[in-house]
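See structure below.
The values are calculated or read from the model by the stated rules, or taken from the named source; none is laboratory data. Predicted, not measured: the structure shown is a model, and the values here were computed from it. Positions of Cβ are generated from backbone atoms using ideal geometry, with glycine treated the same way; all protein chains shown enter the neighbour counts.
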Amino acid sequence: MPPSRALRRVVPCALIAAALWPAGAPLSAQEASDAAEPSPIEIGQRFTIASETLGEDRPIWIGLPDGYADSDEPFPVIYLLDGRSHFHHTTGSVGFLSENDRMPQAIVVGVGNISGEQRTRDMTPTPVDGEEVATNPNMAVAGGAGEFLRFLTDELRPWVDARYRTRSFDILIGHSFGGLFITEVLNRDPSTFDAYISISPSLWWNEEAWVAGLDDLFDRHPDAAGSLYMTMGNEGGDMLSGAWTFAGTLEKHAPDDFRWKWTHMPSESHGTVPHRSTYDGLEWTFDGWDPMPLVMAVIRDEKPVEPMLDGLEEHYATLSERFGWEISPSRELLANVGGYLNGEGRRDEAMLAYERNLAWHPEAPESHGELADILAANCRWDAARRHYGHARDIAEAAGNASLVEFTVERLEALEQLYRTAGACEPR
């Protein structure tokens, strides 16, 4: 994971570079030549899944987080309806928000449609009368949301979980009929997904009889938890009135453990509202994720580092309890803080940052190496030698030859310094 952009704006680039140990060896001449050739930029892969439930093949798009192949970390999963239309902007929003510490990295699963008729079948909760069918033939197949939900939960989700490293935290995003489908999922069982983003939902469905029938949703599901972010663009009419009706149900009946927010976006059309809603909805779903207000108190306001480190522990303990998995700061975050403090001459505080980082990331060779650097600079030879050795051993076990070489060079430099320094003066 790269250094936080928010931290980059405050910490000079040279200090960030000094704080981070190398991820690999310099490019060889041949590699540099190859790098000059054009290469594709990939944002995902497309698959086709044969669904027994639906009796048809369905296109699926998968977007993996940056660095997925280089880690063993599991990730939350975002299930995105109308995948062909929304995959590109959603993967961009997820990448941007996670890089800026507003949400975790996540896997995006775009669920594609075959035709407009099939989309109507899959995403609508009930059949409609003959008059509606006469004006729109696609409506003849309406009411198949239950089978489509079974495809998502019994076929697609197990396929994703078996193929990728996933956490037990899933988000469902749907627009228009997809937003209507989300209300059907909530109606059946709000715990099916952990969070929902319903964008301009078609709550006019069946002359708003559907949304009126949701009034007892929380009477039937009094222990509902999770979250719902709902928006509406400038559609007006029964689209808007249906959304207001459901917002009223949420206001009156949603239990305390069910977080929800309803946002009217009159400057957005039905076509443009998905992008802004997805971005805002993900940011709201992970509201409070960002650790930078705590970090900025140390860097911008020059407050002591130890209360910030304790605050980070509390911050991530709260997030872990809220989202249901163990969450800790990225290794790079405190490496950057330590590098900044060291460069500012606050070496004792830098030592605290590196020590806490090692406690959070004991299996990272860089955590040992960064701590060893500042130990050596403070003439603590034995401790520095020990942590350089740990860094070398971990890198060797991982097969990271370039980091092994870098660490050995560090050890040799330390030994040379130890032999020639005489009376050591901490630097």
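Considering only residues that are surrounded by 19 or more Cβ atoms within 10 Å (Cβ to Cβ) and part of a loop (DSSP other than H, G, I, E, B), which ones fall in the stretch 225-234?
Residue satisfying the conditions is GLY233 alone.
Just one of (1) surrounded by 15 or more Cβ atoms within 10 Å (Cβ to Cβ); (2) in contact with a Pro (Cβ under 7 Å, 6 or more places away or on another chain) trips up ARG46, so point out which.
Every condition holds for ARG46 apart from (1).
Quick check on the stretch 165-181: of everything there that is under 14 Å from PRO125 (Cα atoms) and among the hydrophobic types (A, V, I, L, M, F, W, C), which residue is surrounded by the most Cβ atoms within 10 Å (Cβ to Cβ)?
PHE181
Just for the stretch 404-427: of the residues that are modelled with pLDDT of 85 or more and in contact with a Lys or Arg (Cβ under 8 Å, 6 or more places away or on another chain), which one is farthest from SER367 (Cα to Cα)?
VAL408
When you check GLU314 against the structure, is it touching a residue at least 40 places away in the same chain (Cβ under 8 Å) and at negative phi, yes or no?
Criteria not met by GLU314.
Quick check on the stretch 360-379. Is at least one of its residues part of a loop (DSSP other than H, G, I, E, B) and more than 24 Å from the chain's Cα centre (by Cα)?
For the stretch 360-379, residues part of a loop (DSSP other than H, G, I, E, B) and more than 24 Å from the chain's Cα centre (by Cα): present.
In the stretch 121-142, is there at least one residue being of a type in the set (Gly, Ala, Ser), at pLDDT 95 or above and farther than 15 Å from LEU80 by Cα?
No, because not a single residue in the stretch 121-142 is of a type in the set (Gly, Ala, Ser), at pLDDT 95 or above and farther than 15 Å from LEU80 by Cα.
From the set of residues in the stretch 106-121 that are surrounded by 20 or more Cβ atoms within 10 Å (Cβ to Cβ) and touching a residue at least 60 places away in the same chain (Cβ under 8 Å), which is nearest to GLY146 (Cα to Cα)? Give the derivation first.
Looking only at the stretch 106-121, we keep the residues that are surrounded by 20 or more Cβ atoms within 10 Å (Cβ to Cβ), and these are 106-113, 119-121.
Filter once more, keeping what is touching a residue at least 60 places away in the same chain (Cβ under 8 Å): 106, 108, 110.
On the way: ALA106: 26, VAL108: 23, GLY110: 19 Å.
Once the filter is applied, the top-ranked residue is GLY110.
So which of ARG46, ARG58, ARG84 is in a helix (DSSP H, G or I), closer than 30 Å to GLU117 by Cα, modelled with pLDDT of 85 or more and among the charged types (D, E, K, R)?
On inspection, the qualifying residue turns out to be ARG84.
Need at least 1 residues that are free of Cβ contacts under 8 Å to residues at least 12 places away in the same chain and either of a type in the set (A, V, I, L, M, F, W, C) or under 30 Å from SER320 (Cα atoms) (or both) per element, so show me which helices (runs of 4 or more DSSP H) inside the stretch 122-172 make the cut, counting only ones lying wholly within it.
The helices (runs of 4 or more DSSP H) meeting that bar are 130-135, 157-163.
Checking the conditions here, which among GLY213, GLY248, GLY281 is assigned to a helix (DSSP H, G or I), buried (at least 19 other Cβ atoms within 10 Å of the Cβ) and of a type outside the set (A, V, I, L, M, F, W, C)?
When all the criteria are applied, what remains is GLY281.
Select, from SER277, SER328, the only residue that is modelled with pLDDT of 95 or more and among the small types (Gly, Ala, Ser).
Details: SER328 fails: modelled with pLDDT of 95 or more.
After ruling out the rest, the residue left standing is SER277.
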